[in-house]
Amino acid sequence: MQLRIGAGAYVCGEETALLHSIEGGRGTPRPRPPYPAVSGLWGLPTLINNVETFAAVPAILRQGGAWYGAMGTATSKGTKVFALSGAITHTGLIEVEMGTSLRTIVETMGGGVPANPNGSLGVVKAVQTGGPSGGCVPAALLDTPVDYEGLQALGSIMGSGGMVVIDESLAMPELARYFMGFCVAESCGKCLPCRAGTVQLEQLLDRFVERRATGADLVQLEQLCGMVKATSLCGLGQSAPNPVLSTLRFFRAEYEAAIAGTAP
C-alpha cells in the first residue's frame with residue numbers, strides 16, 4: 001500500500017483530476033469515457049471512490065448485502081455521514097440512515113438553532129447540503145427525507161456530506177456569493193465556462209449583496225447559471241451554480257429586494 005498526500009485542491013474530489021494528481025500531474029479533469037474502471041491510474045483499470053464508500057465494504061462483506069439493503073430507502077441504501085455545522089446547538093459528525101428527515105437531523109440530533117441574545121427562540125431559515133456546491137432547502141421543506149433523489153429534486157446534492165444550518169440573520173444572496181467565491185478560488189481553470197463563468201457570477205452576486213443590481217442583472221444571473229451548469233467540463237463547474245439557483249428558487253424575493261431602487 002502506498003499513501004499519497006494531495007495538496008488539498010477541491011477539484012481533486014473529481015476522480016479524473018485526482019488520478020492526474022496521483023500520477024504527479026496537475027489536478028485537472030479529463031472528459032469521460034474512458035472511465036477509470038476501464039483506463040484509470042497509469043492507464044490501468046482503477047477503482048476510485050471516496051473513503052466513506054470503501055469503509056462500508058467490510059461491514060457489507062461481514063453482514064451481507066441484504067442487511068445493508070434493509071437500511072435506507074428504495075433507491076438510496078445504507079447510511080450517510082454528515083458534517084453538521086452552522087447555526088445549530090450541536091455541531092459535529094453524524095451518521096444517519098438514508099431517508100432520515102432533515103427535521104430529525106436539525107432538531108433532534110443538532111438541537112435546533114440556539115436562542116437569540118434577547119432570549120427569543122432561534123428559527124431555521126434553510127439548510128444547505130452537499131458542501132460548497134450544494135443547494136439550500138428552505139425551512140418549509142424540513143420534512144424532506146435525506147436521500148440522493150430527494151435532494152436532487154430540490155436543486156441540491158448529497159455531495160461531500162456537508163450540512164450547514166442557516167438562521168434568519170443571513171441573507172441568501174450573501175450566502176450564494178460566499179460559496180461562489182470558493183468555487184472561483186478552487187476552479188482548476190481548464191475549461192472556460194467554469195474559469196470565467198464563476199468569476200462573472202461572483203461579480204453579479206456582488207451587485208445583489210451591495211443592493212445595486214438591476215432587473216437585467218437578475219436575468220443575466222439565471223442565464224449564466226444555466227450556461228455554467230450545462231457546459232462545464234467537470235462536477236465543480238457543473239454544480240457551482242447550485243447555491244445560486246436553489247436560493248433563487250426558494251428565496252427569490254431577497255434577490256428582487258436587492259435590485260437598486262427597490263424597497264428592502
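The values are calculated or read from the model by the stated rules, or taken from the named source; none is laboratory data. Computed from a predicted model, the values in this text were never measured in an experiment. Quick reminder, even Gly has a Cβ in these numbers, built from the backbone with ideal geometry, and neighbours come from all protein chains shown. With ligands, DNA and RNA removed, areas are computed over all heavy atoms of the protein, side chains included. Shrake-Rupley method; radii C 1.70, N 1.55, O 1.52, S 1.80 Å.
Rounded to the nearest 20, the Cβ-based charge dipole of segment 149-264 about its Cα centre (Lys and Arg +1, Asp and Glu -1) stands at 340 debye.
I need the shape label for segment 55-119. Rule: rounded when a/c is under 1.5, else prolate if a/b > b/c, else oblate, with a, b, c from the alpha carbon gyration tensor. Note, shape of segment 55-119 comes out prolate. Working note: Cα atoms of segment 83-147, range along each principal axis, descending, whole Å: 36, 22, 20. Once a ≥ b ≥ c are taken as the square roots of the eigenvalues of the Cα gyration tensor of segment 1-153, is the result rounded (a/c under 1.5), prolate (a/b larger than b/c) or oblate (a/b not larger than b/c)? Prolate is the answer for segment 1-153, as a/c is 1.5 or above and a/b outweighs b/c. Toward the positive end of the charge dipole of segment 145-264, with +1 on the Cβ of Lys and Arg and -1 on the Cβ of Asp and Glu, the farthest Cα among Gly159, Thr231, Leu204 is that of Thr231. Would segment 91-206 count as rounded, prolate or oblate if I go by the C-alpha gyration tensor, calling it rounded below 1.5 in a/c and otherwise prolate when a/b exceeds b/c, oblate otherwise? Oblate is the answer for segment 91-206, as a/c is 1.5 or above yet b/c matches or exceeds a/b. What is the distance in Å between the Cα centroid of segment 83-116 and that of segment 183-260? Cα centroid of segment 83-116 versus Cα centroid of segment 183-260: 28 Å apart. Packing around the peptides 225-235, 52-62, taken as the average count of other Cβ atoms within 10 Å per residue, puts them in this order, highest first: 225-235, 52-62. Here, segment 141-221 is characterised by an Rg to Rh ratio of 1.01, where Rg is the alpha-carbon radius of gyration and Rh the Kirkwood radius.
Overall, the accessible surface of segment 103-225 at a probe of 1.4 angstrom is composed of carbon and sulfur to the extent of 55 percent. The mean accessible area for residues of the chain, using a 1.4 Å probe and ignoring ligands and nucleic acids, is 51 Å² per residue. Placing unit charges on the Cβ atoms only, positive for Lys and Arg and negative for Asp and Glu, gives the chain a dipole magnitude near 580 debye about its Cα centre. What a 1.4 Å probe finds exposed on segment 1-79 is 63% carbon and sulfur by accessible area, rounded to a whole percent.
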